[in-house]
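Here, each number is a calculation from the coordinates, and none is a lab measurement. Just so we're clear, the structure is a prediction, and the values are computed from it rather than from any experiment. Note: ideal-geometry Cβ built from the backbone for every residue, glycine included; neighbour counts use all protein chains shown.
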Amino acid sequence: MRTLPEVTRRDEFDALVVRTDHSSEESWQAVAAALAEPWGDEHYEPRVHVIDDPAWGEASVDEVQRTLGADEDLCVVFLADRVTMRSEHHPLLAVTLLTREECVDDEDYERLTEFGAEFRTVPAGIHEIHANLSIGNLGFEEFAAWAHDDPEGIFRHC
């Protein structure tokens, strides 16, 4: 089992994006540009901490969850993986970091993961997801349900 580098200097209000696929610099530049766009009706300034380190290359969801799970200020991470780089809309993989042990009980965890512990989101969606999860306005399961209802399985509600 490999050890991934520690994430440092991330502000608790920043969404965390980890690049795990380094196959296309052109695609990555498109993702990075989309992440930098203002978001929401009020055109909020994006708050994103990006990990663009080849050491994270091909990291699995399990490896990312193990490495980042101890961060109490982080309940979701967004992965720029192979699907992100090869798809037209560059959907990132949103992954919950909450575990069964952190939930009140098994029923709470089942509700949280009803549509899975991960889903895809357009780059602009990470801001809305991270902000709402951070303040407890919406839960991971609600965003996962919206992605589940999309014909392509992507959260686009931004």
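Of note:
- Every residue from the stretch 52-78 that is outside any loop (DSSP other than H, G, I, E, B) and of a type in the set (Gly, Ala, Ser): Ala55
- Within the stretch 67-87, being surrounded by 15 or more Cβ atoms within 10 Å (Cβ to Cβ) and of a type in the set (A, V, I, L, M, F, W, C) holds for Leu68, Leu74, Cys75, Val76, Val77, Phe78, Leu79, Ala80, Met85.
- So Ala55, is it of a type outside the set (Ser, Thr, Tyr), in contact (Cβ under 8 Å) with a residue 12 or more places away in the chain and touching a helix residue (DSSP H, G or I) at 6+ places or on another chain (Cβ under 9 Å): no
- Search result, residues across the stretch 1-32 that are under 18 Å from Ala59 (Cβ atoms), touching a strand residue (DSSP E or B) at 6+ places or on another chain (Cβ under 7 Å) and not aromatic (Phe, Trp, Tyr): Val7, Arg10, Ala15, Leu16, Val17, Val18, Arg19, Thr20, Asp21, Val31
- Exactly one residue among Arg2, Arg19, Arg9 is of a type in the set (Lys, Arg) and either surrounded by 11 or more Cβ atoms within 10 Å (Cβ to Cβ) or under 22 Å from Phe155 (Cβ atoms) (or both), and that residue is Arg19.
- All positions within the stretch 23-51 that are surrounded by 12 or more Cβ atoms within 10 Å (Cβ to Cβ) and either part of a helix (DSSP H, G or I) or hydrophobic (A, V, I, L, M, F, W, C) (or both): Ser27, Trp28, Ala30, Val31, Ala32, Ala34, Leu35, Ala36, Trp39, Val48, Val50, Ile51
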